[in-house]
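First the structure, in the form of structure tokens, and then the observations on it.
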Amino acid sequence: MENPLEAFTLSAVNTCPSLGVGLAGFGTVGSGVWNTLDRNGALITGRTGGGVSLHIAKILVRDRSKTRATTGDVPAEIFTTDWRALIDDPAVEIVVELIGGTTDAFEIVAAALKAKKPVVTGNKALLAERGVELFALSKEHDTPIHFEAAVAGGIPIIRTVQDSFIGNRILAFSGIINGTSNYILGRMTDAGLTFADALTEAQSLGYAEADPALDVNGWDAAHKAILLATLAYGFPIHPKDIHVSGIEQVRPTDIHFAKSLGYVVKLLAVIREHPDGTVELRVQPSFIAKSNILASVHGVFNAVAVHGDTAGESLFYGRGAGQNPTASSVVADLVEAARSLKQSSGHRGFLPYREKGRILPAAETSTAYYVRFDVTDRPGVIAEVAKILADHKIGISGTHSPVNPSNPDAEFVDMIFLLHTCPFGKLQAALEEIEQLDCVNSIPVVFRIESLG
Ligand code: NAP
Ligand code: HSE
């Protein structure tokens, strides 16, 4: 018997002319977009009542000779290595930027907007660093930029902030928004992998950035946090104004110590609006209680908790990186872009709507802390460190000096302090003094202990 859905979609395909997409980038995500349209193109046309049909008209790559793993045959003649040829091709009506970086990608997106071709991008670095310029161009040329894939992979968090929560003042976001670092922390914790081996796995699974330093130094998550905060609070946020640290310094000692205290270590993004309108925005490895829902976000999964003044708290969970989840968001944006060609969908970016905005300096942000020192193992060391903390009026809730089981006679040992809540600036001042002590051998490692609401 004939499948009624198939009959419907086939008849729908014939009802609208197909729109040509220029795909700049055919790596992990770009080829995922091809596969998704190949697999679900007719479904999309059916679901839009015959309103949207899409095909890839041109593909930009660096190296045309590379073998590409895709479903279906990609005609060799649609590949180009010249981005201007992609933008200028009259068969290209919508441009998808998936090459990454902030230089060529900027030129491509700017040229597409000037040519009045709607843009879809997953490039959070580009939008966090140069979004203000691009969204001004978007407004000037009345041509939208869609960027659902730029934050949290397959989770529709941008639409949530732009549409579903539009009637809310957003009081806070907190979440895990880098899949690679969450994957690495999980593999170090659960399988005892080294940092380097866990990163290699994440790269082979297509989760990491072309430059994985951005994943592990916290800046990929920071770029995403900047996009969320800019949408929520309406003023441009400069990367230089925020404090970011990544997971490179996390050692098995920290993971095991956290576990023994009932915490897990996660790379956490915290965005919060204070009553005076100042916005706190931080990304750092943090201890969070095992009982907190974010503690059960494992592997490449992301989760973003959004606190709206009207909706209250909501949690969004899903795959934060990888080929298919990211392609899912890009394709959703493509359909929206196709609709916008028929009827203006209004401005979709972040043009400032707040006169003045202030980012809370990191020194003024307060939490409790876990601090690890590398010290010479001799009597009196704990007292020396504790005295400086006391001089700065920083309370200590615990201290521990684990013996290195593989070398109990080691000259240097880890010494851990758990500290009461205080401003980060106060802690920094104390740490600067502590670093000068003869017994302290390297820069102390600090994680925040978050009490999430
Ligand atoms: P990728 O696998 O490294 O692919 C990049 C593609 O762009 C390749 O096809 C490459 O060509 C092409 N390319 C790079 N620079 C180029 C240039 N200057 N001119 C022409 N072509 C160029 O990257 P990806 O993982 O797909 O990521 C693409 C974008 O999506 C990035 O902005 C990333 O942040 C974002 N994103 C990725 C994920 C993810 O899970 N991977 C998730 C969300 C967002 P060749 O194939 O010839 O080398
Ligand atoms: N490298 C990014 C991550 C890709 O691991 O989260 C998704 O933005």
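Miscellaneous remarks
- Residue ID - surrounded by the fewest Cβ atoms within 10 Å (Cβ to Cβ), chosen from residues in segment 365-383 that are more than 11 Å from V440 (Cα to Cα) and hydrophobic (A, V, I, L, M, F, W, C): A383
- Top-ranked residue of segment 35-80 - restricted to ones that are part of a strand (DSSP E or B) and among the hydrophobic types (A, V, I, L, M, F, W, C), ranked as surrounded by the most Cβ atoms within 10 Å (Cβ to Cβ): L60
- Taking the criterion of being aromatic (F, W, Y) and not in a helix (DSSP H, G or I), the residues of segment 151-185 that qualify are F165, F173.
- Against the conditions (1) touching an Asp or Glu at 6+ places or on another chain (Cβ under 8 Å); (2) farther than 20 Å from L214 by Cβ, N123 satisfies every one except (2).
- Pairs, first farther than 19 Å from V151 by Cβ in segment 309-320, second of a type in the set (K, R) and loosely packed, with under 14 Cβ neighbours inside 10 Å, C-beta under 7 Å, six or more apart: D309/R169
- Residues that are of a type in the set (F, W, Y) and assigned to a loop (DSSP other than H, G, I, E, B) were ranked within segment 201-253; the one that is surrounded by the fewest Cβ atoms within 10 Å (Cβ to Cβ) is F235.
- Residue in segment 267-288 that is surrounded by fewer than 19 Cβ atoms within 10 Å (Cβ to Cβ), part of a strand (DSSP E or B) and in the same structural domain as G167 (by TED's automatic domain parsing) present: no
- Selected residue [of a type in the set (A, V, I, L, M, F, W, C), touching a strand residue (DSSP E or B) at 6+ places or on another chain (Cβ under 9 Å) and within 30 Å of I56 (Cα to Cα)] from V300, V270: V300
Every residue, every condition in (1) of a type in the set (A, V, I, L, M, F, W, C); (2) within 16 Å of ligand 1 (Cβ to nearest atom), yes or no:
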{"position": "G179", "(1), (2)": "no, yes"}
{"position": "N182", "(1), (2)": "no, yes"}
{"position": "L185", "(1), (2)": "yes, no"}
{"position": "A208", "(1), (2)": "yes, yes"}
{"position": "D220", "(1), (2)": "no, yes"}
{"position": "K224", "(1), (2)": "no, yes"}
{"position": "L227", "(1), (2)": "yes, yes"}
{"position": "I237", "(1), (2)": "yes, no"}
{"position": "K240", "(1), (2)": "no, no"}
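To keep it simple, each residue is scored yes or no on (1) touching a Phe, Trp or Tyr at 6+ places or on another chain (Cβ under 6 Å); (2) β-branched (V, I, T); (3) under 17 Å from N324 (Cβ atoms).
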site	(1), (2), (3)
G25	no, no, yes
T28	no, yes, yes
W34	no, no, yes
V52	no, yes, no
V61	yes, yes, no
S65	no, no, no
G72	no, no, yes
D82	no, no, no
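- Scope segment 118-133; condition surrounded by 21 or more Cβ atoms within 10 Å (Cβ to Cβ) and more than 11 Å from ligand 2 (Cβ to nearest atom); matching residues: P118, V119, V120, T121, L126, L127, A128, G131
- Set side by side, the residues I176, I170 differ, and just one is within 12 Å of ligand 2 (Cβ to nearest atom) and at pLDDT 95 or above, which is I176.
- Failed item, numbered, when F316 is tested on (1) in a helix (DSSP H, G or I); (2) within 16 Å of ligand 1 (Cβ to nearest atom); (3) surrounded by fewer than 20 Cβ atoms within 10 Å (Cβ to Cβ): (1)
- Test for E129: is it within 13 Å of ligand 1 (Cβ to nearest atom), closer than 30 Å to V250 by Cβ and part of a helix (DSSP H, G or I): yes
- Residues within segment 109-126 that are near ligand 1 (Cβ under 8 Å from one of its atoms) and either among the small types (G, A, S) or touching a residue at least 60 places away in the same chain (Cβ under 8 Å) (or both), tallied: 3
- Top-ranked residue of segment 134-150 - restricted to ones that are crowded, with 17+ Cβ neighbours inside 10 Å and not in a helix (DSSP H, G or I), ranked as nearest to ligand 2 (Cβ to nearest atom): F147
The values are calculated or read from the model by the stated rules, or taken from the named source; none is laboratory data. These figures come from a predicted structure and were not determined experimentally. As a convention, Cβ positions derive from the backbone with ideal geometry for all residues, glycine included, and neighbour counts pool all protein chains shown.
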